[in-house]
Every structure is written in structure tokens, then in C-alpha cells.
Amino acid sequence: MTTHGYRLPSGGRIDRTRTIAFEFNGRRLSGHPGDTLASALMANGVDIIGRSFKYRRPRGLYGAGVEDPNSMVAVRDAYGYEPALRAGQVRLGDGMQAWSVRGWPSAVFDVGGGVQLVSGLLNAGFYYKTFKWPSWSWFEPWIRRATGFGCPQAVDENRKVHHRHATYDVLIVGGGPAGLATARSLIGSGLRVFLAEDQPQLGGSLNWEAALIDGQSGSAWAASMARTLAEDSHTTILTSTTVTGAYENDHFVLVQSFWDDRGVHTECLWKLRAHHVVLATGMIERPLLFPDNDRPGIMLSGTVRRMINEFGVAPARRMAIYTNNDSGYLTALAAYRAGMAIAAVVDTRSAEAAMHATLSKEMGIPCLFDAQIQATAGYRRLATITVRQVSAVTKIACDGLAVSGGFSPCVHLAGHRGSKPVYDPTCGAFVPGDVPERWHVVGGVKATLDLSATFADAGAVAHTIRAGRGGLGSAHSPRVDVLSLGTGAIPTQPSVGSSSRMWVDFQNDVKASDIELAAREGYVAIEHLKRYTTLGMGTDQGRTSNVVGLSLLAALTNRTLSEVGTTTFRPPYTAIRLGTIANARRGDLFKPRRLFPTHGVHENRSAVFEDFGWERPDWYRSNANEREAAVALEMAAVRNHVGVFDASSLGKIEVTGPDAAKFLSRFYVSNLMTLKPERVRYSVMLKEDGVIFDDGVVSCLSDNHFLASPTSGNAEAVAAWFERWRQTEWPTMQVAISPVTANWTSIALAGPLARALLARLQPDFDISNDAFPHMQIREGTVGGVSARVARISFTGELQFEVSVQARYASSLLSTVLTAEGDLEPRPVGLEAWLRLRLEKGYLHVGSDTNGRTTPLDIGMGGIVAKRQDDFIGKRSLKLAFATSSEREQLVGLRALDGSLEVGGRILSRGHTQVPCPTEGYVTSACFSPSVGESIGLALIQRGHTRDGEVVKVFCGGTPISCRISNPIFYDPTNQRLQA
Amino acid sequence: MILIRCPYCGELRTEDELTYGGEANIARPAETVSDEAWTDYLFMRTNPKGIHQEQWCCSAGCGQWFKVVRDTVSHRILDVWKFEEVSQAAEEVA
Amino acid sequence: MKIRQYSLRALALCALQGHRDWPPAWRTPQPKSSYDVVIVGGGGHGLATAFYLAKHHGVTRIALLEKGWIGGGNTGRNTTNVRSDYLFPESAAIYDLALRLYEDLARELNFNIMLSQRGWLTLIHNQHQMELAAHKLNWLKCNGVDGEIIDRAVVRGMLPHFNMGRDARNPVLGAFLQRRGGTIRHDAVAWGYARAADRLGVDIIQNCEVVGFEKSADKITSVHTTHGRIHCERVGMAVAGQSTALAAMAGFRLPLTTHTLQAMVSEPIRPVLNHVVISPATGVYVNQTQKGELVMGGMLDLYQSYAQRGNFPTIEKVLSAVVEMFPSFGQLRLMRHWGGAVDIVPDSSPILGPTPVRNLFINCGWGTGGFKAIPAGGLMLAHSLATGSTHPMAQPFGLDRFRSNRLVDEGAAAGIAH
């Protein structure tokens, strides 16, 4: 790499009084504040920034901004690491490090470049035609290894991110002349205007195009506009802010970067709504096709002007210009004025068509008309071009070539909303077609090249917008004196040179010959072309290449550009960091943890928590250091003395009103109309398809006051379900639904000594077995606070569930756990709790039921049959499948050899080896200390008729034998829970 | 982004704040209907490409269910009304 | 000389001629006035149907009508994942048939579909999911489908960028791994089938929209299209996203609703992820393409939509889940996001076989999992179109199941979206 200063002695918006040090591929270089990484690299004479995707061709800077297909670099600034950015997007920061992301050992000397020797084999879609034998998997790792730009690194990120929401009357996208003029003309209208400009300063092309507006230079005019707008209280201007996506209902996503001297310290993602939208996004220049058009030193013509005028950098020592429109001459003038040598302007058009040619001629710049470049040469950088005219072939020495093939408006945002761009043959550009309502299009984006016309347009748009506001405010019409960009140009097809040397998509190495091949093979739908050749699928998303490619396809297939159309424009317009979108949603902020009010008490007992929607104690280290041992102790406590279980997550929904019982009866399989005050009933509820949705008890507190207790997992869903039916189906029922799950804490006391433990809390009501039998509920005072006590059981033992207001929860739980004397209450975790209920054969919805299980399958057919009136899901129980012999019914299983595991499959009769048909599975299983056997529940086809049958269960190893049994393994006569 | 003004609380809600409830005006048949009528109720929806009457709930706001006429292609909201009201737009569509 | 067979040798020979000898991958015929079978829908399922109908059943007069360009619907928009680790034996049978056909498809079609069996990992975040995984493994073994449960340490080795730290919100106990699962180049499936079907004489007619059916009694006699009327004996329909409208044209209803399923890609990076990963905690899945982009997707947009475009709330959910799982991926950039219209059936299983119209057979309702089923879906519909009867494997998936409520609810059994 040769380094020679390309910085011009004057000019540009950079701050020459200060120097910034940075590194590129380990080399220490310097630039100035105001530089982009691209301009700084160019100023330092760095020709080769990277390598192309497929052929590993050397690549230099081609465009100055997001349109650049070439200059992918990894960047580390003071605030973070970016694996792949375009150099033109990166504002130079002090101490910044950047690396080429392709090429080994370096981008300049890349051994991978050898692949060009077999480039003939690597044409479009070659991989579809080969690598089939013996199998793609043999080749895939080698091919994958050659792909990609950059790599994420595990580094500390200091970059801050925040999201903002805002609503404005008008969003102006683009702070170039069109956007600024529109914003200026909206001052005084009373409308709140938001202007977003993706560059660090306003002005857009005015920062590098020579123009006189109201007697000032373009950049000075832009600066004065910026000041005027900044003073207006109704206008908000954000620079370094890209509108990345347009969504329906006037939603937009914007990304704003905040810079300092050391890099991007903050990114803000805006979610903005705007009533009116002014699209003033301008244009991107198109390349021209010619042989070896991808050498470093060749770049877009506008980029040359920008490098000279905005950054004070000469892109080359001796510049040639290749153009099919008048803007090429502006580049020649800019380069001439900057003191660069101009080798020639090569114009594809005739002399008569070239508007600005005389100016160039006056300055002694040689102009070649009706000319095409037929070859270029130069190893690491362009050295010569060969120009062909009808009568002559001229070889011209130059180390830079500015190329202009016309302009492509940035219609992307309209495309995001489904607006198909239409081809305007007069200016050779796809312009926005039918835009959404209240969208307005101004300036370059509608292929307006003339600044006066743009300003007139801006005034008209502002007038339309203001009209809705009674026409407040007034138009602002700047006077313009400028060399216009001319008339645009239709895409030019080359007539000399080999198409297999002409690059269309520089990043993905799609050549004109690839497009010819695709057309030959019938991939002529524009989406097929794109997908077959990978045209426009790179990180630049084909900003420069798409129109070139599709005009080639149009020519090859004898269609017009309108007929060919464009591919679909998808958001985002520029790529957004995933971290910026994710924002703070990491770790506990990704999904907040829900803690019990008693969490601290459990922590003191060294509970091991699991996340079941709530952080719930699974088992307690205070009981034993190892899970199985602790679970065994916890189970024994419940069976032999007393255990304490925090059941706070159990759902609690208060249903009140004269129709409460009738309302609830419509949800549950059991009739609740007959439920008396202080009584509790267990039931299940279904969805309309007859499948069990939830189960739990319903308590009657008084005639018009019920408490439903859905499962922990469904607490919110059931409340929402009740509410929805109340509002949408039965609005006349007099009933109110209050979900109060989190308001109450429920502590279950279970075991033979549960009553004694409850007595310690001095309830103000009789808790004797006669006065307070099983399946009843009392309201009263417990431990000095008002409480609800339900005598229900999930464990098969005597059990009281004490519910108090959440604020008393910790003190209640501590009191219970520290009960003195011979009670020795032990905290019981969820695992022990679930095993206890399994011994008793109680259902655990979601484990012992699946997406097909109905109440008929779990032995509640009798209850269903008794119901005279309708309830949700009832009708579905009469459909054919509900009583089919295929149905899986819930039964108990006792292992005869080996141990049962959840998920074991029941093999069909006569089968002892897998694979084979199966007829059900183990839904719950454990070793039961009470029974002394490995037991389980299972859903088995026709299970209810197969009591006593021995079945084979496949739990991963050799199938084990199990006997189908009654699911109630423990205390089948319910003596213990009624004691 | 779906955006609906809740007819009950009057707030403009985004889809994050709303719950979708599927097609509106599906009458729940009596227990006595045929299997065919019942399974139509369970499973059959009009699923139009275009104008659709549907239920939404202001779930992160006032909790009320209401009805909406929406274009399923453009996501434009053509009308929003309370359950106890009648929609002009919906009648025109019907 | 036109070279018709794809091979390295053919490629080399053609390279010498500047690749001028490649013929079109498929013809662009004008529709004839009559065919034995008209297949509506030029996505993967329709193209596979045409291919198998011609190859296995010897039907030659076949027209395939596509209103846009072939492979332009969900075939060209999905996240390219394939797997067959389904629970219900009827589902496992059909998806595993699809995977087995995919495994040999490149050679069968003489078109490299780039099947990459890099392994499909369903993460296990808690004890309940571990039990589900055990059940799934047992069931798969009973169904004869491969799978294994790997522990946390193995997951760590396979996913070096995955956050296994204490700050991870969803801990990982292990994963369910199907090694035969992986990815395929989606467009290649459409193109490969199209090319092979074309060579068997199928007329693939693009930009040809069906606008109506002409019926006599309960049979279709001809199909009205934007290219005119086409007489036919039997009609097959594989038009995901448009099924309701086409069924209405033919005079019957389908139990489905249409929703947007979104997908998105990052800018291409060096290989960092060598497997397909899904987290049941978030429903988000990620893989890396051969070209280097990360492909990411998540849950459906829950409201009905034919929009076929992305929407930011879902993007935020998916990408924050990706960054939560792979913190360093926060440095990557979202390059493009889009959406497809998928047909969701109440039990998330396909609808295959006969319809109330006697000579119209259907293939729809694959929901979010249609791509991975293409070969089997095509084979089933081809069978119906050739024989007038339903393939035994398609029996459980008939439209009639909704009358008896005999649903095949994989989602409810697995607790995971397909």
C-alpha cells in the first residue's frame, strides 16, 4: 500500500486545525474532525479497503455513503465494536480502529483472490448445478468458511441505547434542499414539524454541489436555514438520524446516532407517528457498465465532488470522467477547480447533447463524445482506461475515474408501504407511484434535478399541508443560481467489451454475464433474477446496482423497464444494530421476574427457586442439601406431621353479583347453582371445543359472592376469559369479575397436625372437624388479621389454606414456620407438593391433560351427564371423536419392574420393542414413599376399561411392565383428609 | 402497526396494548344444533382478504371489548364501536 | 448443443463456451385449452405435486397455474428450516417422509437444493420442558424418528456465542437435538421441482391468475384464468395464503384464518452459528445462511392479516430475544425484514385430500410449517389427483376431521409453534 497525501490544501468542511489519530489494519493514520472514515482513508491514499464476496476482487471506495457496496470495515471506537460498516457511514473518531473484513492475510494481498482463476465456473447459480454428489454436506463447510463480513466479538459495550416515542403533524424525511425548503415554508403554520437528516449536518447535496442560493453558497444557505428552523419552536430537527422504516397507520422507525470525538456513544430508536409525510430523500447515482469497472480508483461521479468539496480530499491525482449525462461535467469542473489534472471526460452521448461540455472545453479539458470505455487496466489501482469511439481507440492514463450513469431516486420508504415505483422514461428513473395518503414527494426523489424546480415543488407541498390548517404561514422561494445536474439519463447499455468482465453488483460479484445467463435460463421475473444471481442481496441492498441490472434484463428480454419492475423494497432502509432494537431488554428486564410477597422468608430458608411464571420454591436447602433428600423430607413432613406450602400464585378471582352462580356455572362442568355459602366445590372448565382448559375449586362466600381459584399458570387467562364472555356474550348478566390473585397470599398447612398448627394462629372461628369439615371455607380472623381459610386438599392430608392480605404474608409465613413445640412445621416446595398430589391421584392440568383431553377422559363423565343446562364446551362432548375408542383416558400406573418416567410411551398390545405403535403416555410419575412403588398417571387409549391390565412402557431403555390401576394410590377412602 | 382508538376510554392504542379476539358477530348456537352447525361455529371463519369485522380488547387500558371494521391488507381501521352500538360502516359492508 | 444435465463436468464444458449453452430451466408455454389436471399454485407444494404426478403416476397433461412468479409466496419467504421431530405419529409420518424425500431430492431433481443437516436444537429451559423433551424423545423413537437430548455442556460447545451466564433470563438445562434437521436453500426447491416437472412435460404458466371455476353438478369442468378458460378433469389447489378465496370461488369453506408470519435477516457475517436454534421460552428461532446472514423469526402476528409485510412490534420481540440468547449478536445489523401470509388451522395441522367439490383436491393449512413438508405435501396431493382417493398417510388430515373434532393438535401437545 502506498501512502501519499491526497488531502487538498484547502476546502471542505473539515476542521483542519485539529488532527485525529486512527488505525486502519494496524497502520496509524490521521484525519480531521469532520472526516468520515472513507474520506480519511482516501486522504491517506488507501486504495484497497476490502475484497468482494465471491471472486475476492480488490475493492476501493465507490460511494461516499450507505450506497457504497465496497468499503465494508470492522470498527472499534471508544464505545463499542461494529463488525461491519461502510466506511462512508463512520464519522472519524479519535483512537478509532478499523479493519478490512475480507481478504487473507490482508485485503491488499489476498490469497483467496486466486479464486478468480476459476471464475468461469463460478457464474450465477453454479452451486445449484453441482456439489450434489456425494452430498452438499461435503462442500458446505468450505463454502461457508468463505462467506460473510466481519464477526461479532465478545467485548464490553459502553454504547447507550434508548427508545423514544413521538407524534408530529409533519415528518420531513431528508434535510437537503427539498426538505429544508419545505420545512422553511411550514414555519408559522402552527404545525409541529419533525425533520430527520441522516448526515451529521443539514444541506444534503448543497454541502458538495456548487450552487448560489439567495446570493450565498449552498452550504451557507443550508446553515442559515438550519438556524432559522432551530429558532422555530414548532420545528424539531434531528441530524445523524435515518428514517429506516415506514409502517402502516403513519408509523415510522428512526435511528439517531449521537457522536463525540471518540465515536458513537448513544443510539436512539424513535417510534414516530406523523400525519403528513414529506419524502425529500433525494437520489443515489447509478454506475455505468464497462469492462473491469470495479478497479480501485473507479468511483461514482458525485462521490468525487463530495470528496473534494465536503472533505477536501482529491480522490486521484489524474482524474477521468465517464458519463452519460451532464453531471459528469460538474465533476470535471470541481476536480479542475481543486487543482487536479483532468485526463478526459468520456461521454456516451453526442457533442450536441452535452449541455455543459463547452465549459469544460474552455478550461482545456478534453471531451470525447460518442465514446465508451472498452477496457481499464491497473493492478491495485486504476492506471489507464481505453476509450473507443467510432473512428478511434484512445488509451488514457489516469488513476481515478468518476462514473455517472444517471440517478436513482430513494423511493424506499414509499416502497415499505407497498407503493410500487413507476418508471419515468424521460428521466430514466423509477419514481414513487401512488404514495399513501398524506404523503408528499419533493425534489430528487421524484427525479427533479433542477434546484429551482425543487424549491417551487417544496413551496407547493408546504401549501397543500398548510391548507389543512387554514393556510397559515407563507411560502419561501429562494432564488437559485446554479449549474443544474442536467436532465438525468436513461440507463445506457454498453456495446463494447465482454459482459463477463462487467460488474453490476460489486459486493456480490454479479456480472453482466450472470444476468445474461439468468435470462437465458428463464429467471426473468425480477425476483427470480435477484435470487438466482444474488443481485442486490448484499449489505448495500443494491442501491447502486439494481436499476443497472434490471435495465440489462429488460434489454435482454425485450421488455421495458416498466414491464420488468423492481424488486420489493423492505425495511430497514439502512441496517439497524440488533442491540439498538433490543434496547435494555436483557436479563431480568427481558422478562421481569415475579416474586412472592414472601420471597424473603423463602430465601431465609434457602429455597431453591424455579420460574413458573412466579419464582416459586422448588425445594428447600434448609431441609436437606440435596434435592431428592429434601423432597423426601418435605413429603414425610406432610404425611406424618405438618408441612407449609406457599400457594400464593394460585389464581383468585372474585365473582360477585346476583348472577354470579349462574355465570360461573356456564364455565365449569359442575353445577355451581347448588353451591351453598361456606362450601367449596372442585371442577374443571373447558374451551368450546370440549378440551379441558383449567381446573380448581370455586368457593361460595355468600349468595352473591364467589371465589374461583384457577391454576397458577392460568390465573390471568381465566380472569380474561370470564371477562370476555361477560362483555361479549352475556352483557345483561349482573356480575362483576375481580382478579385478586396478587392481593392475597395463601399459605397451605397440610398434614395430620395442620389443625393444631392453625390453632396456634388463634382463629376466631371453630376449626374442629365437625364445625369445619372438608371442602368448606371460612372468613374470620387468623393471627390477628382478617383471613379466608379454605379446608381443601391437594395432598390427600388434612389441609387448610390460609389467605391473608399480601402485606401480612411474610409475617404469617414466618409465624407459621417458627411455631414452637412438637409441631416442627417444615417448608414444602413445589416438587414435593406435586408428588404428594400424584400419590393421591389428583389432576395437574397441563401435565395430565393435553390439547385433546376432555372431562370424559378424566372420569368426570358422570358429572357431565348430570348437567341439564348448557356450559362452555358441552356441545363438543357429543361430537363423534369425544367417545371414540381412540381416546386416551387418565388412569394410574404401577411399575412392576423398573421405574416410571414422565413421557414414557405405552406400547400397543403385543409390542415390546420400538419403533412400534403406541397408545398413550405417562403424564406424571415418581417413586411414592407412601406406596413404596414407582407410580404414575397415564393417558391410555380406552384406559378406563383396562383396569388391572399389564402394559409395556417405553421410557428410553428396555420397556418396563406396569399395571393399570386406579389413579388414587394413597388413602382411596379419603379418611385422612376428612380427619 | 395496528392503531385503534378505544371507544370506551377514548385512548389511541397500539397493537402492543390490544388483544385480538377474532371475527365478530359469530353467534353461539344452542346446545341442540346439529354437529355441522356446531363445528361451523367452532372452526369456520370468513377470513376475508379486505374488510373484516372483528373483536378487540383494550387489554392494557380499560379492559373493554369492542368491535372494529378493519382492512386485513392495509390494516386501516374503518370503524370502531361498542358492543351495545351499531356500526354504520359494518352495515354498509354487510 | 444444449446441455440439459447439471454436473460439474457440464459446468466446466459450458464455461468454455461462455455459458451460452444452458437451456431455460423451464419453458414459458401458453396454456392449452384443456388438461387432465390443473394445479393452482406455483409454490413448493404445487410444483412438487406437478412433479410427482408426472413422475409417479404418468400423468402428462398437467398445467400448473401461478398468479405471480413460481416460488414467490411462502416458499420464497420462509426461514428455510426443516425437521421432522413431531409428536403425533400421523404428523411424524408425514414430516419425516418429507425430510427423507428432501434428503435425496438434489439427486432426484438434478438440482442442488443445498440441504444442510446441521442439527435442529430446541432449547430446554426448565424441568417441565425437560419432561416434555423426554416425552418427545420416547415418542419419536416409537415413531422411528431420530432425536436426542443433550445436556447443558454439549449445548455450550455447540453454541459458543450463547449466553450461559447467570444473567441469562432463561437458563438452559439442555436441548432437544434432531441431527437430521437443518436448512435448505428455499428458492432452489421451487426451481428444482419446476425444472424437473417441466422436463416431464408439465406446463408451468406464470402470471396466470385463476379468476373462477365453471362447475357442473358438484364437479369443476373448467378453470377461468386471466389467460382464458382451461378445461380439466381434476383440479389440485395448493395456494397458502389464498386458500379461503380460492375455496370460496369453488363454493366451499375452509376452517382457517390467514395471518402474517414475519422473518428477518442480519447482514452477512462469518460463520458463528452452525445449527438451527429455537427457544420455547420466546418462540424465537435463529439460523445462519450459507451466505452468512442470520435468519430469525418468531411467533405469528396474532391478528388476521394478508399484508405480507413486517411490523415493528414483532421485530422488537424477536430481536430482543435473539440478543438475550446471543448477547454479541447485538453488534449485528438487521438488514431486511418481511412477512408472509400463512393459513392457520385450529389444530395447526394441514388439510389434505378431498373437498366438497368432487374433482377438486386440496393441500393447505400448513400454518408456519409448510416449507419443511413440501415433498410430502406434493406427494399426497399428487396421489389424490391421480387416483381420486386419499393417500393413507393423508387420511388423518382430511377436511372431515373438523366435523368429528378429531384434531391433530401438535401445538397443544408440544407447547411449541411449528
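The values are calculated or read from the model by the stated rules, or taken from the named source; none is laboratory data. Note that this is a predicted model, so its numbers are computed, not measured. Positions of Cβ are backbone-derived with ideal geometry, glycine not excepted, and every protein chain shown enters the neighbour counts.
Residues checked against (1) farther than 23 Å from A:Leu330 by Cα; (2) over 26 Å from the mean Cα position of the chain (by Cα); (3) in a helix (DSSP H, G or I):
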position: A:His165; (1), (2), (3): yes, no, no
position: A:Asp169; (1), (2), (3): yes, yes, no
position: A:Gly175; (1), (2), (3): no, yes, no
position: A:Leu202; (1), (2), (3): no, yes, no
position: A:Ser219; (1), (2), (3): no, yes, yes
position: A:Ser224; (1), (2), (3): yes, yes, yes
position: A:Thr236; (1), (2), (3): yes, yes, no
Kindly indicate which of C:Val272, C:Val277, C:Val286 is touching a residue at least 40 places away in the same chain (Cβ under 8 Å), within 7 Å of another protein chain (Cβ to nearest Cβ) and over 23 Å from C:Ala240 (Cβ atoms).
C:Val272
From the list A:Ser391, A:Ser360, pick out the single residue that is within 19 Å of A:Ala316 (Cα to Cα), out of contact with any Asp or Glu (no Cβ under 9 Å at 6 or more places or on another chain) and not in a strand (DSSP E or B).
A:Ser360
Would you call A:Arg570 surrounded by 18 or more Cβ atoms within 10 Å (Cβ to Cβ), touching a strand residue (DSSP E or B) at 6+ places or on another chain (Cβ under 7 Å), assigned by TED's automatic domain parsing to the domain that holds A:Gln507 and under 20 Å from A:Gly433 (Cα atoms)?
no
Is it the case, given these coordinates, that C:Ala321 is within 13 Å of chain A (Cβ to nearest Cβ) and under 21 Å from C:Ser279 (Cβ atoms)?
yes
Close pairs from the stretch C:231-259: first more than 9 Å from chain B (Cβ to nearest Cβ) and free of Cβ contacts under 8 Å to residues at least 24 places away in the same chain, partner assigned to a strand (DSSP E or B) and aliphatic (A, V, I, L, M), Cβ under 7 Å, at least 6 apart:
none
Kindly indicate the residue of the stretch C:130-148 that is within 9 Å of another protein chain (Cβ to nearest Cβ) and not in a helix (DSSP H, G or I) and also surrounded by the fewest Cβ atoms within 10 Å (Cβ to Cβ) among those meeting that condition.
C:Gly144
Condition check for A:Gln97: within 14 Å of another protein chain (Cβ to nearest Cβ), surrounded by fewer than 24 Cβ atoms within 10 Å (Cβ to Cβ) and not β-branched (Val, Ile, Thr)
no
Which members of the stretch C:76-129 meet the condition of being more than 9 Å from chain A (Cβ to nearest Cβ), in a helix (DSSP H, G or I) and closer than 19 Å to C:Thr282 by Cα?
C:Gln129
Could you please let me know if C:Glu293 is at the interface with chain A (Cβ under 10 Å from one of its Cβ atoms), in contact (Cβ under 8 Å) with a residue 12 or more places away in the chain and charged (D, E, K, R)?
yes
Is it true that A:Gly600 is touching a helix residue (DSSP H, G or I) at 6+ places or on another chain (Cβ under 9 Å), surrounded by fewer than 18 Cβ atoms within 10 Å (Cβ to Cβ) and modelled with pLDDT of 95 or more?
yes
Residue by residue through the stretch A:142-179, note down the ones that are buried (at least 22 other Cβ atoms within 10 Å of the Cβ) and among the small types (Gly, Ala, Ser).
A:Gly148, A:Gly150, A:Gly174, A:Gly175, A:Gly176, A:Ala178, A:Gly179
Please determine whether any residue of the stretch B:67-74 is more than 8 Å from chain C (Cβ to nearest Cβ), part of a loop (DSSP other than H, G, I, E, B) and in contact with a strand residue (DSSP E or B) (Cβ under 6 Å, 6 or more places away or on another chain).
no
The one condition B:Glu15 fails out of (1) under 22 Å from B:Lys82 (Cβ atoms); (2) more than 7 Å from every other protein chain (Cβ to nearest Cβ) is (2)
Of A:Thr241, A:Thr235, the only residue that is polar (S, T, N, Q), within 30 Å of A:Met96 (Cβ to Cβ) and more than 14 Å from chain B (Cβ to nearest Cβ) is A:Thr241
Flag for A:Arg102 being among the basic types (Lys, Arg), under 17 Å from A:Pro152 (Cα atoms) and at pLDDT below 90:
yes
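Table: residues versus (1) assigned to a loop (DSSP other than H, G, I, E, B); (2) among the aromatic types (Phe, Trp, Tyr); (3) surrounded by 19 or more Cβ atoms within 10 Å (Cβ to Cβ).
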residue	(1), (2), (3)
C:Val211	no, no, no
C:Val223	no, no, yes
C:Ile230	no, no, yes
C:Ala240	yes, no, yes
C:Gln262	no, no, yes
C:Val265	no, no, yes
C:Val277	no, no, yes
C:Tyr306	yes, yes, yes
C:Arg309	yes, no, yes
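Every residue, every condition in (1) under 21 Å from A:Gly63 (Cα atoms); (2) crowded, with 19+ Cβ neighbours inside 10 Å; (3) not assigned by TED's automatic domain parsing to the domain that holds A:Ala274, yes or no:
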position: A:Phe455; (1), (2), (3): no, yes, no
position: A:Pro478; (1), (2), (3): no, yes, no
position: A:Asn508; (1), (2), (3): yes, yes, yes
position: A:Ala525; (1), (2), (3): no, yes, yes
Consider A:Glu634 carefully, then state whether it is away from chain C (no Cβ under 14 Å) and within 26 Å of A:Leu749 (Cα to Cα).
yes
Requiring at least 1 residues that are farther than 23 Å from C:Trp139 by Cα, the helices (runs of 4 or more DSSP H) wholly within the stretch C:335-418 are C:374-387, C:401-404
Taking the stated definitions as given, is A:Thr918 touching a Pro at 6+ places or on another chain (Cβ under 9 Å) and surrounded by 23 or more Cβ atoms within 10 Å (Cβ to Cβ)?
yes
Over the stretch A:438-453, the set of residues surrounded by fewer than 21 Cβ atoms within 10 Å (Cβ to Cβ) and part of a helix (DSSP H, G or I) is A:Ser452, A:Ala453
Which condition number in (1) more than 9 Å from chain C (Cβ to nearest Cβ); (2) touching a Cys at 6+ places or on another chain (Cβ under 9 Å); (3) part of a helix (DSSP H, G or I) is the one that A:Tyr573 fails?
(3)
